[in-house]
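Visitor: Quick one: the structure is below, questions incoming.
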Amino acid sequence: MKKQLLLIGGGHAHMVTLANLGNFTDKGFGVTVIQPSEYHYYSGMGPGMLGGTYQPEEIRFATRRQVEAKGGRFVLGKAYRIDPHKRLVYLEGTEEEIPFDVLSCNAGSYVPRDNMGGHFPNVFTPKPIEELLLAKKMILELAKARQIRVAVIGSGPSAVEIAGNIHQLCLRQGATMPQIQLFGGRSFMSGRPPRIRRLVKKILLLKGIEILEAGHVRRIDNERIYLENGQEYPSDLTFAAVGVKPSQIFARSGLPIGQDGGLQVNEYLQSIRYQNIFGGGDCIHFAAEPLDKVGVYAVRQNPVLYHNLLACLEDRPLVKFVPGGKYLLIYNLGDGDGVLGKWSFAFAGKLAFSIKDWIDRRFIKTFQENIDTP
Ligand SMILES: Cc1cc2nc3c(=O)[nH]c(=O)nc-3n(C[C@H](O)[C@H](O)[C@H](O)COP(=O)(O)OP(=O)(O)OC[C@H]3O[C@@H](n4cnc5c(N)ncnc54)[C@H](O)[C@@H]3O)c2cc1C
């Protein structure tokens, strides 16, 4: 039987592998891709989709179409557990087991809801990106009748981008502008360079977004935010942008993991115990140097993963992943406003957003177009 490559998730670190899937199938390897949706959304453009700058089809990759066009098999489902000895992946909610010789994991991260007090219909998370579409619909629906309160919890990039883009959404749609409150913990954007914090804060305040730094959120329910200091705030719709954790597949499977639960990989992006298991993006713990959970690293890992998966199937030498230096981060704060930052250099304005828009559109176009050229 021909050797089988199995990909869990068609995320940002698998883009080059997916684009070159034909190179695997042409060499006689079987390729299977498991993903819970037929599409993979480019998260960097997610807040822009919430604000109405982009349509859903502009910011997603047609994973199923791409896999099938290149001779692979697409399985709609969620990988639940990996058995590294039997070389099988089990799917959630089915009896199906999928065999592999070489496995690559790019299942991303999720926002844990455990400490939020449960699942509530009016509480959304920024991941999966599809949640932003549901939230957008609900905001417009609720804002038809009255001025609503929207709470955004967190003060990382996704929280500030979501707050700014809710403002853009309501402005563009002519909806009653909600009272937007951003719960920024004890210190807004702590850990970020002071200049970036100042620039982002200034833009959000100019839009009328209230920034609270009274303490961490202890609990959320469908209509209230509870702070650690005992204060409570009513909310009609809440975004919990409280930071992500790697997929739980690896902990569940007894594979070596890092402190955060991510698949522990060496410099070849290879499991530190199983030589035929690889991974990239938010779901890994890069043992040599823990990496921020940003798409930039997933994108940089692409060529290494592509090379190493093919090399592993063909018993050839692997290449090392070098994370590279500081990365550029541009915040899309809605209404064409952006903040660009790298090292201690930062500036704000329409140009910053235009640069982000150009980079993001170019990235997505490259991989979307590749689908039509098997
Ligand atoms: C709103 C928002 C904005 C952001 N903006 C930026 C930005 O501008 N720049 C930047 O560098 N970073 C940004 N980030 C961070 C960035 O999104 C992540 O670092 C990036 O998505 C990681 O890519 P990934 O492919 O590892 O994971 P993901 O993008 O989460 O992709 C994982 C894929 O795996 C699939 N999957 C999940 N579970 C399973 C399973 N059990 N079985 C099979 N498949 C599965 C998912 O459907 C998805 O297709 C942003 C994040 C958010 C939430």
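Since every read-out is calculated from the coordinates, none of them should be taken as a lab result. These figures come from a predicted structure and were not determined experimentally. A quick note on method: Cβ atoms are made from the backbone with ideal geometry, for glycine too, and the neighbour counts reach across all protein chains shown.
Visitor: Which order results if Phe347, Phe74 are arranged by neighbouring Cβ count within 10 Å, fewest first?
Guide: Working: Phe347 13, Phe74 19.
Placing the least packed residue first, the sequence is Phe347, Phe74.
Visitor: While we're here: Mean-square fluctuation check for the chain, GNM, Cα pairs under 10 Å: which of Ile209, Ile180, Ile355 is largest?
Guide: Ile355
Visitor: Additional query: Can you give me the angle between helix 130-145 and the longest principal axis of the chain, using Cα atoms only, in degrees from 0 to 90, rounded to the nearest 10?
Guide: It works out to around 20 degrees.
Visitor: Helix 194-206 sits at what angle to the longest principal axis of the chain, using alpha carbons and giving 0 to 90 degrees rounded to 10?
Guide: Once rounded, one gets 60 degrees.
Visitor: I've got another one for you. Rounded to the nearest 5, what % of the DSSP beta bridges within the chain are antiparallel ones?
Guide: Here the share of antiparallel DSSP bridges comes out near 50 percent.
Visitor: In deg cm²/dmol, rounded to 500, what helix-only [θ] at 222 nm does the chain give when every DSSP H run of at least 4 residues adds -39500 (n - 2.57) and the total is split over its residues?
Guide: Working: 10 runs with 114 residues, N = 374.
Computed ellipticity for the chain at 222 nm equals -9500 deg cm²/dmol.
Visitor: Give the long-range amide H neighbours of Tyr110: residues separated by 5 or more places, or on another chain, with amide H under 5 Å away, using H modelled in the peptide plane at 1.01 Å from N.
Guide: Amide H to amide H, under 5 Å and 5 or more residues apart or across chains, Tyr110 pairs with Lys245, Ser247.
Visitor: 5 Å is the cut-off here: which amide hydrogens, built 1.01 Å from N in the peptide plane, fall below it relative to Arg218, excluding neighbours closer than 5 in sequence?
Guide: Tyr226, Leu227, Glu228
Visitor: Still on this structure: Give the aspartates and glutamates reachable from Lys293 as a straight Cα distance under 13 Å; neighbours fewer than 8 places away on the same chain don't count.
Guide: Within the straight-line cut-off, Lys293 pairs with Asp260, Asp282.
Visitor: Write out the GluC sites (Glu not before Pro) in the range 65-167 meeting two conditions: DSSP loop, and at most 15 other Cβ atoms within 10 Å of their Cβ.
Guide: Loop-located and lightly packed - Glu92, Glu95, Glu96.
Visitor: Go ahead and collect, in residue order, the members of the range 15-43 whose backbone nitrogen is under 19 Å from a label point 7 Å along the Cα-Cβ direction of Glu96.
Guide: 30-40
Visitor: Additional query: Could you tell me what fraction of 2.2 N^0.38 Å the Cα radius of gyration of the chain comes to, as a two-decimal ratio? Mind showing how you got there, number by number?
Guide: Values: Rg = 21.1 Å, N = 374, 2.2 N^0.38 = 20.9 Å.
In units of the 2.2 N^0.38 Å rule of thumb, it is 1.01.
Visitor: If the cut-off is 18 Å between C-alpha atoms, which lysines fall inside it for Lys86, apart from same-chain ones fewer than 8 positions away?
Guide: Counting by Cα, and skipping residues close in sequence, Lys86 has these lysines nearby: Lys2, Lys3.
Visitor: I've got another one for you. Rounded to whole Å, give me the distance from the Cα center of the range 206-227 to that of the range 292-320.
Guide: 40
Visitor: Please list, short to long, the whole-number percent of alpha-carbon pairs of the range 114-243 in consecutive 10 angstrom bins beginning at zero.
Guide: Final binned percentages: 13, 48, 34, 5, 0.
Visitor: Can I ask one more? Anything over 27 Å Cα to Cα? Flag those among Lys320/Lys342; Lys137/Lys342; Lys137/Lys356; Lys127/Lys365; Lys144/Lys245; Lys78/Lys320, in the order listed.
Guide: Among Lys320/Lys342; Lys137/Lys342; Lys137/Lys356; Lys127/Lys365; Lys144/Lys245; Lys78/Lys320, the Cα-Cα distance tops 27 Å for Lys137/Lys342; Lys144/Lys245; Lys78/Lys320.
Visitor: A follow-up question, please. What are the aspartates and glutamates whose alpha-carbon lies under 20 Å from the alpha-carbon of Lys27, with same-chain residues fewer than 8 places away excluded?
Guide: Glu68, Asp101, Glu314, Asp315
Visitor: In terms of the ratio Rg/(2.2 N^0.38 Å) built on C-alpha atoms, what value belongs to the range 1-113?
Guide: Compactness ratio reported: 1.13.
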